[in-house]
Each structure stands twice: as structure tokens, then as C-alpha cells.
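Enquirer: Here it is: the structure, laid out below.
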Amino acid sequence: MTTVLQHLTDGLTRSMEGDKRVFLLGEDLLDPYGGAFKVTRGISTRFPERVLTTPISEAAIVGIATGMAMRGLRPVVEIMFGDFVTLIMDQVINHASKFRWVYNNNVSVPIVVRTPMGGRRGYGPTHSQSLEKLFLGIPGVRVLAPNTIGDPALLLQNAIADDDPVVFIEHKLLYACHRLEIGKGDLVDGEVEQFGERYPTYNIRFSSKPQISIATYGYNFEIVRKVALEVLYEREIFTEIIVFSQLSPFNLMPLAESLSKSHHLLTVEEGSSNLGWGSEIAARIAESDLNNVKIRRVGALDFPIANTKTLEDLILPSQSVIKKAIYDLME
Amino acid sequence: MLLIRRFEERLLEEFSSGKLAGTTHAYIGQEANAVGIFDVLHKDDIIFSNHRCHGHYLAYGGDPYLLAAEVMGKSTGLVGGRGGSQHIHLRNFYSNGIQGGIVPIATGMALAEKYIKSKRITLVFLGDGTLGQGIIYESFNFASLWNIPVLFVVENNRYAQTTPIEIAVAGNIPDRFKAFGINTWECNSTDVVKIREDSEQAVNFVRSNMQPAGLILQTYRFAAHSKGDDFRKPEEIASNKKSDPLLIHGNRLEKTDREMAESEITWIINEAFSRADQDPYPGSNNLPPILL
């Protein structure tokens, strides 16, 4: 079985094979080390000219990639830990995301910034965050996150083929996960409906009459899936899970369709839930034509992520917190 | 140089009479820099300019009408009114309004051109104020490590908006390049001919060695940084005007040639501004649907 990590490496490799304009830039990318989380392992050996290992200069790496993109190349940047994206914000917001539109569509900026996010590994407050919400809602920036129901390799290849800047969020725990097979394992009784081709949304339902719709993305789909089975066995609550590959901008339709049946919405993300991804979804649903939708959001508590496991477990959304939110919502 | 001077004067006039909204950063006093350097560039070399980009754009050969329309916010402007004074693009000329943020981008452009073996070099503008931004030093490091053909041009006009260099820049400017092993040329003149000579050495070095270089131009702006933010002593400005680049180069010309240039440029500028004035503003039909 292939892990998400291997799929991502395959996606990068295929993009580099198929398009000589694709370059990788980032810290410690060269073999034998092959990058901090090994997504780029083996690639510098195959394409030594096009893998550029860099000094610790996140802002300039993204700036250089932006310049390369504006002159016809397709650079892919790896930011070693998602926590370090704070250093690239000016380049993304005031440069890469602006040029195409501000120059009246005379240029394009096809860059991908890949970065591992997320906690649950005891890395502490500056190496465990899920900071993707900082990129949500920036005009001109697309934010994607792979998951185990879709094809991570294809998602990454599509991002690299995109003509606009993409931020690609990879949860650290997702790397070791395997792709799901429909009709097997967790999904033996599940049905999957895919919306969209390039950056799909997946609705996973266990009944034609779901009682609750759970919106999530990335690794947290793994946790939500376990909770879905628990609430089914414990209280016979049928869930429909809506897994977004594209976080921003996003298409509300698949979720709205599910809510027209369930009328209960739970959003689950690992970043802090205040003013987060789930907040925007809740607002959109409140503004929509759907009536009588009860809503709960689950995310991290408003603390820096503690180093010790006991506190980290309390701060990040756990299976039991998600389950409790479902039971509260259904009361 | 005269076209730049008169264009900027006209813009400042239009701002003070309330005809223009927004902001501007005049190149008055610094005209010889861009004119001198660009004369030794090749036609398809790349230029990344900053907030003070009008003079650079006009020296690049940009049409004054398109810039006037852009600053006025007209749909016929260089970039359809989306960018305004500081954010413009024409062929291989780009500008953006963030101090220093453009430096790694120009460095990346130069790197891309090196990969495709185009022989183009890239030039990027910094000011003395930009020296406070950390990202430029990250860029110097990359440029030197990877032998990137980019020319960093520091126009030192001695003021970062209102703050004099003495209380904003420690050490000296050439040492900043030296620390990264980047060859640097300095020019302490406002004579366009001298600036051209010194630039030629730096430009030729970058092109023939495919390596970065620094070019430091000691200069002075006669106008405010932007508008209404000039607190320099009038005597200081007056004394610097003795080395006005237009005066120095103008003395090389016959009086009749100078008069002819003045009248021709007056006509070009009047034409540019009156034509742009009649152009429409962009409206909702210029906002495309937002794609998911």
C-alpha cells in the first residue's frame, strides 16, 4: 500500500518528468536527506539541475520562485515547517498574489508553496501549528489540502499546472496514511460522491438520509471518520462527511446539498477555531437559502500548542471533543 | 531627462489642484540615474522598479500617455487603472510599491533567464531607505551563491521619506555588498554622461560574468518624497540644485536645441494628459467574475 507521502513524491516526480519548467526550491532538499519530511527524497538524484537547496531564507525563496514564475518557469517551494509561513506573508500577499491582476492579466505567477502543518507529534508551539487560515480569503491565492479519499499526487500535479499561486497544506500525520479504497475498510458501507475534477470535494455518506454533515479537510478527515463510526454504533447517528480539497476559495454546493437533508452542520479543523475556516463556512450557510441549520465548530483551543502531550491533546481537537460536539448538536 | 522632469512637475501640479487622487513619488532631481543606466542596457533586459517608478518607466521608453492615464485611474492606462502610480508593467519593465520585496523577485527573474540562457540581465532598484529591509540581504546571499546575473542599483538620495541616512543606515553601503562577495561600482555624480560610464562597467560585468553586481548612485531628489512630507532645509535643497542633472547636461546643448526640446516635450505632455483626461474610468464590466 502506498502512503500519502509516496503519492506526493510521485506527483512531484511526474510533474518534473512531464514539464522541464518545474523546479523545486527549499531547505535541505538534497539527497540523501531529501527534505525534512522526505517528500522530495530521490528527486534531486533524478533531476540534479532542477532541485535547488537553499539557505534558511523563506521570504527570499518565495520571492525568487515568484520571479522565476513570472519569467516562464513553474517553481515549487517547500517551506520546511508550516509554522515558518509567517516569514513569507509579504511575498505572498503583496507580491505573488497581486501581480496577475494588478498588471491587468499581462503576467501569471504559477508557483506552488508546499508546507507541512499540524501537531499531535509533540513538536511544541512553533512546529505544530495549522496556520493555513492565514492564507484563506486572500484574493489570488488558492489553498489546497490533500486527503486520503482523493489522489494526493494528482492534486499536487494539478496545483503545479495551475497558472496562479497555490498554497498546498500537508498535515504531518497524513504522510503515513494510506489512500482509502471505496467499498473497503472504513468505507465498506460508504458511498462517495465527487464534486469537481481539478480540486474535488468528496461527500462520503453512510445513509441516504444523513442526520449531520461534517465539513473537514486534510488529516482531520481521518479523525472524523473514526468518530463517524463511533456515533453510528453508539447512537445510530448517520453522518455525511464533506472533505474539501480546496479550502479557499471554496465551492459551498456539495455541503449545501448535504445540509438540505441533514440540517446539522459540524466543522472540524485543527487550527484555532476562532475566526477560522469553519467560521466562514458557518457564515456562508447562515447567508444561504437553507433554513433551520444548527451549527457547531470544532478546532484548536485559543492557546499556543503546548509541548507536553497531555496539554497538546487537550488543546487540539480530539475524537472525544468531536463526538461530544455531535451529541450536543443532535440533542 | 527633460521629459521625466516635466512629466513629474505636471503630475504634482495636477495633484495640488485636486485633479488627481492617490499618491505619487516624483523622480525630480534623480533623472540622470535611469537615463544613464538604461542607455547601456539591451532592449530586452529586465527592469524591476520601485515606488518611484515614473522616471524609470519613461527612461525605459514607456509612453507618457499610458502612464498619465494609469495615474489618473483610467481604463486605458498601462494596467487598466488597477495599479496606479506604483504598480505598473510594460514588456520587461515591472514595478511594485513594497520596499525591498521586489529584490528577491528580480533575483528570481534573473535566475530564470540564466536557466533559459537568454543572456538577459535583470536590474532592480533600491533606495537608501530600502537598506533597512532584511529580505534584500537574503537576496544578495542567493545572488552571490548562485551567480545570478542581477544588478542591484541603490539610488542613495539620502532620505528615507523624511528620515536622513545618518540616523537610519549604520556602517556604509559598499560594505553591505562586499560582505556577500558582490562587486560594486559607485558613482558620485549627477552628470548623466558620468553615470552612463560607471553603469556601463557594472552592466558589462554582470552580463559577461553572469554574476551579480552592485551599483551605488549618490543622488538627491528636489521634490518631496511624496506630497507634503518635505522637512529638509531649503538651503540644503538649493545647494543641491546647483548640480541639477538637467543643468549639467543642458549646458552641453545649444540654446536653440534646448528650446526645441522644451517645446516638443510640452506638446507631448499636454497631449498625453489631455487625451488621458477624456478617457473613461473602468467600471463593473472591468471586474471579471470570481472563479472558484
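The values are calculated or read from the model by the stated rules, or taken from the named source; none is laboratory data. Computed from a prediction, not measured in an experiment: that's the story for all the values here. A quick note on method: Cβ atoms are made from the backbone with ideal geometry, for glycine too, and the neighbour counts reach across all protein chains shown. These accessible areas exclude ligands, DNA and RNA; they are computed on the full protein's heavy atoms, side chains included. Shrake-Rupley method; radii C 1.70, N 1.55, O 1.52, S 1.80 Å.
Enquirer: Out of (1) within 14 Å of another protein chain (Cβ to nearest Cβ); (2) at pLDDT 95 or above, what's the single condition that is false for residue B:8?
Expert: So the condition that residue B:8 fails would be (1).
Residues are listed down the side, and each one gets a yes or a no for (1) over 30 Å from residue A:70 (Cα atoms); (2) open to solvent by 10 Å² or more (accessible area, probe 1.4 Å):
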| residue | (1), (2) |
| --- | --- |
| A:177 | yes, yes |
| A:205 | yes, yes |
| A:226 | yes, yes |
| A:240 | yes, no |
| A:245 | no, no |
| A:252 | yes, yes |
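Enquirer: Checking the structure you have, find out if any residue of the stretch A:79-96 is under 27 Å from residue A:302 (Cα atoms), surrounded by fewer than 19 Cβ atoms within 10 Å (Cβ to Cβ), small (Gly, Ala, Ser) and away from chain B (no Cβ under 11 Å).
Expert: Within the stretch A:79-96, not a single residue is under 27 Å from residue A:302 (Cα atoms), surrounded by fewer than 19 Cβ atoms within 10 Å (Cβ to Cβ), small (Gly, Ala, Ser) and away from chain B (no Cβ under 11 Å).
Enquirer: Same structure, new question: If we scan the stretch B:130-137, do we find a residue that is within 13 Å of another protein chain (Cβ to nearest Cβ), hydrophobic (A, V, I, L, M, F, W, C) and under 19 Å from residue B:43 (Cα atoms)?
Expert: no
Enquirer: Sort out which residues of the stretch B:75-114 are more than 7 Å from chain A (Cβ to nearest Cβ), under 21 Å from residue B:42 (Cβ atoms) and open to solvent by 10 Å² or more (accessible area, probe 1.4 Å), and write them in order of number.
Expert: Within the stretch B:75-114, B:90, B:91, B:92, B:114 meet the criteria.
Enquirer: If residue B:132 meets every condition in (1) small (Gly, Ala, Ser); (2) open to solvent by 50 Å² or more (accessible area, probe 1.4 Å); (3) in contact with a strand residue (DSSP E or B) (Cβ under 6 Å, 6 or more places away or on another chain) apart from one, which number is that one?
Expert: Going through the list (1) small (Gly, Ala, Ser); (2) open to solvent by 50 Å² or more (accessible area, probe 1.4 Å); (3) in contact with a strand residue (DSSP E or B) (Cβ under 6 Å, 6 or more places away or on another chain), residue B:132 breaks only (3).
Enquirer: If a residue must be of a type in the set (Ser, Thr, Tyr) and open to solvent by 30 Å² or more (accessible area, probe 1.4 Å), how many such residues does the stretch B:217-262 contain?
Expert: 3
Enquirer: Follow-up. If you check A:323, A:294, which single one turns out to be open to solvent by 10 Å² or more (accessible area, probe 1.4 Å) and in contact (Cβ under 8 Å) with a residue 40 or more places away in the chain?
Expert: Residue meeting the stated conditions: A:323.
Enquirer: A further question follows. Based on this model, can you work out whether residue A:29 counts as under 25 Å from the mean Cα position of the chain (by Cα), open to solvent by less than 30 Å² (accessible area, probe 1.4 Å) and within 14 Å of chain B (Cβ to nearest Cβ)?
Expert: When the stated conditions are applied, residue A:29 does not pass them.
Enquirer: Out of B:46, B:28, report the one residue that is open to solvent by 10 Å² or more (accessible area, probe 1.4 Å), closer than 28 Å to residue B:197 by Cβ and in contact with a Lys or Arg (Cβ under 7 Å, 6 or more places away or on another chain).
Expert: B:28 is the lone residue from the list that is open to solvent by 10 Å² or more (accessible area, probe 1.4 Å), closer than 28 Å to residue B:197 by Cβ and in contact with a Lys or Arg (Cβ under 7 Å, 6 or more places away or on another chain).
Enquirer: If you scan the stretch A:106-135, which residues turn out to be open to solvent by 20 Å² or more (accessible area, probe 1.4 Å) and within 14 Å of chain B (Cβ to nearest Cβ)?
Expert: Within the stretch A:106-135, A:106, A:108 meet the criteria.
Enquirer: Which of the residues belonging to the stretch A:232-280 are more than 26 Å from residue A:197 (Cβ to Cβ) and of a type in the set (S, T, N, Q)?
Expert: A:272, A:273, A:274, A:279
Enquirer: Okay, moving on. Please go through the stretch A:208-266 and pick out each residue that is of a type in the set (Asp, Glu) and either in a loop (DSSP other than H, G, I, E, B) or within 14 Å of chain B (Cβ to nearest Cβ) (or both).
Expert: A:236 - this is the single residue of the stretch A:208-266 that is of a type in the set (Asp, Glu) and either in a loop (DSSP other than H, G, I, E, B) or within 14 Å of chain B (Cβ to nearest Cβ) (or both).
Enquirer: Looking only at the stretch A:156-165, decide whether some residue is on the phi > 0 side of the Ramachandran plot, more than 13 Å from chain B (Cβ to nearest Cβ) and surrounded by fewer than 24 Cβ atoms within 10 Å (Cβ to Cβ).
Expert: No.
Enquirer: Hey, could you check the stretch A:57-78 for residues that are within 9 Å of chain B (Cβ to nearest Cβ) and either of a type in the set (Ser, Thr, Tyr) or over 29 Å from residue B:91 (Cα atoms) (or both) and say which is surrounded by the fewest Cβ atoms within 10 Å (Cβ to Cβ)?
Expert: The extreme case among them is A:57.
Enquirer: Find the residue count for the stretch B:156-182, including only residues that are open to solvent by less than 70 Å² (accessible area, probe 1.4 Å), out of contact with any Asp or Glu (no Cβ under 8 Å at 6 or more places or on another chain) and either among the small types (Gly, Ala, Ser) or not in a helix (DSSP H, G or I) (or both).
Expert: Of the residues in that region, 6 qualify.
Enquirer: Just to be sure, is residue A:45 more than 14 Å from every other protein chain (Cβ to nearest Cβ) and either over 30 Å from residue A:181 (Cβ atoms) or within 23 Å of the chain's Cα centre (by Cα) (or both)?
Expert: Yes.
Enquirer: Right, another one. Only one of these conditions is not met by residue A:35: (1) more than 13 Å from chain B (Cβ to nearest Cβ); (2) closer than 24 Å to residue B:118 by Cβ; (3) crowded, with 24+ Cβ neighbours inside 10 Å. Which number is it?
Expert: (2)
Enquirer: If you don't mind, another one. Just wondering, is there one or more residues in the stretch A:274-285 that are open to solvent by 30 Å² or more (accessible area, probe 1.4 Å) and of a type in the set (Asp, Glu)?
Expert: Yes.
Residue by residue, here is whether (1) closer than 27 Å to residue A:122 by Cβ; (2) of a type in the set (Asp, Glu); (3) assigned to a helix (DSSP H, G or I) holds:
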| position | (1), (2), (3) |
| --- | --- |
| A:298 | yes, no, no |
| A:312 | yes, yes, yes |
| A:323 | yes, no, yes |
| A:329 | no, no, yes |
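Enquirer: Next question. Give B:7, B:15 a once-over and let me know the one that is more than 23 Å from residue B:194 (Cα to Cα), in a helix (DSSP H, G or I), open to solvent by less than 10 Å² (accessible area, probe 1.4 Å) and not acidic (Asp, Glu).
Expert: The conditions single out B:7.
Enquirer: If you don't mind, there's one more thing I want to ask. When you check residue A:138 against the structure, is it open to solvent by 10 Å² or more (accessible area, probe 1.4 Å), touching a residue at least 12 places away in the same chain (Cβ under 8 Å), outside any loop (DSSP other than H, G, I, E, B) and of a type outside the set (Asp, Glu), yes or no?
Expert: No.
Enquirer: What's the number of the only condition in (1) more than 30 Å from residue A:271 (Cβ to Cβ); (2) out of contact with any Leu (no Cβ under 7 Å at 6 or more places or on another chain) that residue A:3 fails to meet?
Expert: Here residue A:3 clears every test but (1).
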